[in-house]
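Engineer: Below are the structure tokens for one structure; questions will follow.
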Amino acid sequence: MTRLLTLSDAVATHARLQPHKMGGRDSRRSLSYRAWDRRASRLASALLDLGLAPGDRVALLAYNCLEWLELYVALARAGLVAVPINFRLTGPEVAYIASHAEAAALIAGDEFCSLVDSVRELTGLGQGRCIAIPSGADGARVPSGWLGYEALMAQGDEARVFPPVEPESMSALMYTSGTTGRPKGAIRSHAGSSLIALATALEMGFTRDDKALLVMPLCHANSLYFGSTFIQLGATIVVDDRRSFDAEALVATLSKDRITFTSLVPTHYIMVQALPEDVKRRYDVTSVGKLMISSAPARRDTKLGILAYFSNGKLHELYGSTEHGWVTLLRPEEQLAKLGSVGREWAGSGAIRLLDEQGHEVPDGEVGELYSRTAYVFDGYWRNPEKTTEAFRGDWCTVGDMARRDEDGYIWLVDRKSNMIITGGENVYPSEVEGVLGAHPKVKDVAVVGLPHEKWGESVHAVVVLHEGQTADAADLRAWCRERLAGFKCPTALSFILDADMPRTGTGKILHRVLRTRLLG
């Protein structure tokens, strides 16, 4: 059997090869590879001593912090499965994921302990299985009924010998929303994690001398995949642990730490470009040699601004998903010539097929559903065989994106995951928001679409049909949503129309594209 290095193996290797090199840091502390390796062993040992067994799922809920890096490695070492949860979710959303994953334990930043406690009975987690990561430097904030992260780690055995983890076993269960409105758990293996890291290093030309700044949430695939790459290489990772994005703080970190790579969404780059010129001149960002932009289309002026400010930076744009991994890449020399395209195949991504409803390949220029065959594709959806079957045609995987290919082989996305909205780098699925608004007693029908937004890429717009004789205002409906959905999913604007004016197919299905065109007109 082929043996691939897990994240645990990689850290252990670099603890021997370069023990004193800084592996990672955030604003509170730094971690050499030797210290990282030792702390991972203690944490893995302590978790197993709680009664957890290899294969058990452990939910993770925290803002960006260095502990994320420790946890991904420690869980891999113990054979446990990471279940990262988006910190923007509400209590019921968190509870659903923890319960659906059948999480045996939950590790959360102490800022989220009260939220978890408010839905504890829905998670299925008992006493002694919730662990708090302290946000304060003194490590004293451990709520009642919770175990302390550092205290638990101190009980672990640094010298413990752990059995090897099979490459095909599950490393992470990553929840991604679906068109039904309920999140789906995408199963990622250790082998897939290793292969995507190797492919990323090959395609991007990364080495152990690189220093990466991870700004995207570490609960997201973007930071996990890039973070895995730098761990495998033995490079240095700087974690941006600010609670909200700060453009000047970003460029200050790039300058101070001599960062060589970062991955951002268009919104971040737009905010950097909006900084006063005297502020931008204050920081030296010439160390940045590679940049990634993803999650939403970027305008020509945005890309030109990136290239002007980061004078040594080579800009890349990728398309991928939690399920696929990376699929396509628009390389630096192609950024303006193929503006709007997501590029061609990523190294190691295998091949791409665009298929019609009968499974036949469509000619160049025509729209088809995008399928890819990658070496690091996910292993299906947790406890959801129906959706797993829908995602595959043999070895070929799809997440429902529609695209066309031009005569040069470049891929152009046409629709995103059944009208998915991407706002500020976060995915919003209209059906989920529609389900919440549709539950309001005054609402008869609703459709949610994404509209272009200069700063966030897209904004969430709801078009509402009220029951006959009912009246409601937008503020009340937005408040209804805020009680039930993460903030980024809530509509920023609402329109009210008559039922007869809602565009539909012959079978009654709402035509979101037609509605969006009307709103833009």
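The values are calculated or read from the model by the stated rules, or taken from the named source; none is laboratory data. Treat the numbers as computed from the prediction; the structure is a model and nothing was measured. Here Cβ is always computed from backbone atoms with ideal geometry, including for glycine, and neighbour counts include all displayed protein chains. For accessibility, only protein heavy atoms count, side chains too; no ligands or nucleic acids. Shrake-Rupley method; radii C 1.70, N 1.55, O 1.52, S 1.80 Å.
Engineer: Taking Cβ-Cβ under 4.7 Å as the only way to count a partner, pick out the unpartnered cysteines of the chain.
Structural biologist: By the Cβ distance rule, which asks for a partner under 4.7 Å, the isolated cysteines are Cys65, Cys113, Cys130, Cys219, Cys397.
Engineer: Still on this structure, I have one more. Cross-link list Lys256/Lys303; Lys21/Lys211; Lys314/Lys338: which exceed 22 angstrom alpha carbon to alpha carbon?
Structural biologist: Flagged as over cut-off: Lys256/Lys303.
Engineer: Students often forget the sequence filter, so: which aspartates and glutamates lie under 17 Å Cα-Cα from Lys455 once same-chain residues fewer than 8 apart are removed?
Structural biologist: Within the straight-line cut-off, Lys455 pairs with Asp246, Glu248, Asp301, Glu426.
Engineer: Among residues other than Leu31 whose Cβ falls under 12 Å from its Cβ, what is the net charge (Lys/Arg +1, Asp/Glu -1)?
Structural biologist: So the environment of Leu31 carries a net charge of +3.
Engineer: Please list Arg120, Arg29 in order of solvent-accessible area, largest first, computed with a 1.4 Å probe with all protein chains present. Show your work: numbers first, answer last.
Structural biologist: Details: Arg120 35, Arg29 60 Å².
Solvent-accessible surface, decreasing: Arg29, Arg120.
Engineer: If each DSSP helix of 4+ residues adds -39,500 (n - 2.57) and the sum is divided by the residues in the chain, what number results at 222 nm, nearest 500 deg cm²/dmol? Provide the component values of the computation, followed by the final result.
Structural biologist: Details: 17 runs with 161 residues, N = 521.
Calculated at 222 nm, the ellipticity per residue is -9000 deg cm²/dmol.
Engineer: Rounded to the nearest 20 Debye, what is the dipole magnitude of the chain about its Cα centre when Lys and Arg each give +1 and Asp and Glu each give -1 at the C-beta?
Structural biologist: 840 debye
Engineer: Within the stretch 395-496, report the GluC sites (Glu not before Pro) that DSSP leaves as loop and that have at most 16 other Cβ atoms within 10 Å.
Structural biologist: Counting only loop positions with at most 16 other Cβ atoms within 10 Å, the GluC sites (Glu not before Pro) in the stretch 395-496 are Glu407, Glu454, Glu468, Glu483.
Engineer: Also: Suppose the Debye formula is applied to equal point scatterers at every Cα of the stretch 419-493; what is log10 I(q)/I(0) at q = 0.19, 0.22 Å⁻¹?
Structural biologist: -0.71, -0.92
Engineer: A further question on this structure: Please list Tyr283, Tyr429 from largest to smallest accessible area, probe radius 1.4 Å, with all protein chains kept in place. It would help to have the intermediate numbers written out before the result.
Structural biologist: Values: Tyr283 50, Tyr429 10 Å².
So the residues, ranked largest to smallest area, are Tyr283, Tyr429.
Engineer: How long are the three semi-axes of the equivalent ellipsoid for the stretch 258-368, computed from the Cα gyration tensor as the root of 5 times each eigenvalue, in whole Å, largest first? Intermediate results must be reported in sequence, preceding the final value.
Structural biologist: Details: eigenvalues 207, 40, 26 Å².
Taking √(5λ) for each Cα gyration eigenvalue gives 32, 14, 11 Å.
Engineer: While we're here: If the reach is capped at under 26 angstrom between alpha carbons, list the lysines near Lys387, excluding any in the same chain fewer than eight residues apart.
Structural biologist: Within reach: Lys184, Lys417, Lys489, Lys509.
Engineer: Hey, another quick one. Taking all pairs of distinct Cα atoms, average 1/r, flip it, and tell me the Kirkwood hydrodynamic radius of the stretch 24-158 in Å to one decimal place.
Structural biologist: 14.7 Å
Engineer: Starting with the highest mean, order 219-228, 361-370, 62-71, 108-117 by the number of other Cβ atoms within 10 Å, averaged over the residues of each peptide.
Structural biologist: 62-71, 219-228, 108-117, 361-370
Engineer: Something else now. Sort Ser144, Ser287 from largest to smallest accessible area, using a 1.4 Å probe on the heavy atoms of the protein chains.
Structural biologist: Largest to smallest exposure gives the sequence Ser144, Ser287.
Engineer: At a 1.4 Å probe, what is the % contribution of carbon and sulfur to the accessible area of the stretch 402-521? Present the calculation step by step, with values, prior to reporting the outcome.
Structural biologist: Values: 2920 of 5850 Å².
C and S fraction of accessible area: 50 percent.
Engineer: Given a 1.4 angstrom probe, I'd like the percentage of the accessible area of the stretch 153-233 that is carbon and sulfur, rounded to a whole number.
Structural biologist: Ligands and nucleic acids excluded, carbon and sulfur give 55 percent.
Engineer: In the chain, what % of DSSP beta bridges are antiparallel (nearest 5)?
Structural biologist: DSSP beta bridges in the chain are roughly 55 percent antiparallel.
Engineer: Rounded to the nearest angstrom and ordered from largest down, what semi-axes does the equivalent ellipsoid of the stretch 146-261 get from its C-alpha gyration tensor (root of 5λ)?
Structural biologist: Here the semi-axes work out to 25, 21, 20 Å.
Engineer: Just for the Cα atoms in the stretch 105-160, what are the lengths along the principal axes, largest first, rounded to whole Å?
Structural biologist: 37, 26, 14
Engineer: Report the net charge of residues surrounding Ala74, where surrounding means a beta-carbon distance below 14 angstrom and charges are Lys +1, Arg +1, Asp -1, Glu -1.
Structural biologist: Details: positive: Arg38, Arg39, Arg42, Arg77, Arg160; negative: Asp9, Asp37, Asp49, Asp56, Glu67, Glu70, Glu150, Asp157, Glu158.
Here the charged neighbours net out to -4.
Engineer: Related question: Defining a contact as two alpha carbons under 8 Å apart and six or more residues distant in sequence, what relative contact order in percent does the chain show?
Structural biologist: This gives 11 percent for the chain.
Engineer: Turning to a different aspect of this structure: Rounded to the nearest 10 Å², what accessible area does Ser255 have for a 1.4 Å probe in the complete protein model?
Structural biologist: 30 Å²
Engineer: Given a 1.4 Å probe and every protein chain left where it sits, what share in percent of the accessible area of the stretch 34-141 is carbon and sulfur?
Structural biologist: Looking at the stretch 34-141 in its full context, I get 49 percent from C and S.
Engineer: Based on the Kirkwood radius over alpha-carbon pairs, what value in µm²/s does the Stokes-Einstein equation return for the translational diffusion coefficient of the chain at 25 °C and 0.890 mPa s?
Structural biologist: On the way: Rh = 24.0 Å.
Rounded to a whole number, D works out at 102 µm²/s.
Engineer: What does the stretch 7-72 give for Rg and for Dmax, in Å, if only its C-alpha atoms count?
Structural biologist: Using the Cα atoms of the stretch 7-72, the pair Rg, Dmax is 12.6, 34 Å.
Engineer: Put one equal scatterer on each alpha carbon of the stretch 158-209, apply the Debye formula with no solvent term, and list log10 I(q)/I(0) at q = 0.21, 0.23, 0.28 1/Å to two decimals.
Structural biologist: Listed by q, the Debye log ratios stand at -0.88, -0.90, -0.97.
Engineer: Here is a further query. Give the accessible surface of the chain per residue, rounded to a whole number of Å², with probe radius 1.4 Å and ligands, DNA and RNA excluded.
Structural biologist: Working: 20930 Å² over 521 residues.
The answer is 40 Å² per residue.
Engineer: Okay, moving on. So what's the convex hull volume per residue for the Cα atoms of the stretch 346-470, in Å³?
Structural biologist: Taking the convex hull of the Cα positions in the stretch 346-470, it is 169 Å³ per residue.
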